[in-house]
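Notes follow once the structure below has been shown.
The values are calculated or read from the model by the stated rules, or taken from the named source; none is laboratory data. Given the structure is predicted, the values throughout are model-derived calculations rather than measurements. Here the Cβ positions follow ideal geometry from the backbone for every residue, glycine too, while neighbour counts run over all protein chains shown.
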Amino acid sequence: MKFFLRRVFIVFGALMCLSGLRAQDVHFSQYNASPLLLNPSLAGLSEGDYRAYLNYRMQWMALQGGTAYRTIAGGGDIAVGKITKYNSFAGIGLTFYSDQSGAINLSNNRLSLSFAYHFMLDRKGTQQLSAGLEGSFYYSSINPSLATFDSQYDFNTGTFNPSGTRETFGRTGVIYGDAGLGILYNAVYKNGINFYTGFSLDHVNQPNISFEPSGQDASGGAGKKLYIKETLHGGLSFPIGNRLSIMPNYLLLIQGPTQEFDLGCSFKTVLGNDARRSTTAFHVGVQYRGVLDAIIINTRLDIKGFTCGLSYDVNISKLLPASHSVGAPEIALTYHGFSRKKPRPGFCPVMF
């Protein structure tokens, strides 16, 4: 056990030494509450036979009337062939998101289908290796009528002429396909200790997202291709007594020249008279998003398969004056359901 814990702390220490910026793709502070956006190998891997979730986030509310930067995401997945905790089984999931950003209404929308298979590595069903694949369709669009251009300004006086010459775009919307994959290792040790870690790749085909019909940019170049995104994530649940658990977690995103890491820890308290059978619990935690980007305060309440999570990003970056000290709120709703009265046996990651 000491060797195991030593390895966990080494991983956390290595992440603390990394520096970076925000990744390009949409992501949430409560990233574990949007599992299929995090890693396709999580499809079907939950406490129940099926799961549905919804996420909503607003940020940079001090700009553009407070509604220019918002994201909504959701999805659902089911387990297939999950009969006993000794059996390997499959999972299928469907997820979407719609992201709105900026003054010209840059909109990115995605619909994804995920398939995963979960291999049991021992006869007790306490260790799993999961592998998943994902296929997605994207639709991105902009509204050039809301944009302003250099040609609309008088460089001598700085006067703005709204009827001045505007730049033209080949198209204002683009549709493209995308593919991703992921793996996850999950293990339950003695005394209820749960450790999991996963890795995923997005945009493995590097789709071209240029708004020019030819796929090139305005100067005739190769256009804009999405960088491959690498995601490393994981966590640990360490029970202390019958009611309290400590749950550290981490996330590392690398996409082209940008990167981001999150380190956090939450505390879970089981509520109710019977701590062993109770399905009601309260979580509270804090995360650090680096380097010097935000401190995230989060809470969560679990009641009979329903989960409601709330978080708030406190901006500590150099952009604090631009945000006027207004952070980013986020809400996450999840429901774990069962297709029969007796829950199917098996272990899943204890994720915040």
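For residue 169, the criteria (1) in a strand (DSSP E or B); (2) in contact (Cβ under 8 Å) with a residue 40 or more places away in the chain hold in every case but one, which is (1). Restricting attention to segment 134-166, the residues that are at pLDDT below 85, out of contact with any helix residue (DSSP H, G or I) (no Cβ under 7 Å at 6 or more places or on another chain) and either assigned to a strand (DSSP E or B) or among the acidic types (Asp, Glu) (or both) add up to 3. Can you pull out the residues in segment 160-187 that are β-branched (Val, Ile, Thr) and in contact with a strand residue (DSSP E or B) (Cβ under 7 Å, 6 or more places away or on another chain)? Correct list: 172, 174, 175, 183. Among the residues making up segment 86-107, those that are within 18 Å of residue 50 (Cβ to Cβ) and either of a type in the set (Gly, Ala, Ser) or in contact with a Pro (Cβ under 6 Å, 6 or more places away or on another chain) (or both) are 90, 91, 93. Candidates are the residues of segment 201-214 that are in contact with a Lys or Arg (Cβ under 8 Å, 6 or more places away or on another chain) and under 19 Å from residue 40 (Cα atoms); the one that is surrounded by the most Cβ atoms within 10 Å (Cβ to Cβ) is 202. Among the candidates 300, 289, the residue that is surrounded by 14 or more Cβ atoms within 10 Å (Cβ to Cβ), touching a residue at least 40 places away in the same chain (Cβ under 8 Å) and under 30 Å from residue 205 (Cβ atoms) is uniquely 289. Residue 124 satisfies every condition listed in (1) modelled with pLDDT of 95 or more; (2) more than 19 Å from the chain's Cα centre (by Cα) except (1). Set side by side, the residues 275, 294, 322, 328 differ, and just one is surrounded by 14 or more Cβ atoms within 10 Å (Cβ to Cβ), over 21 Å from residue 186 (Cβ atoms), modelled with pLDDT under 85 and not polar (S, T, N, Q), which is 275. Only residues that are modelled with pLDDT of 75 or more and assigned to a loop (DSSP other than H, G, I, E, B) were counted in segment 219-238, giving 4. Considered as a group, the residues in segment 167-196 that are over 19 Å from residue 226 (Cβ atoms) and crowded, with 19+ Cβ neighbours inside 10 Å include one that is farthest from the chain's Cα centre (by Cα), and that residue is 188.
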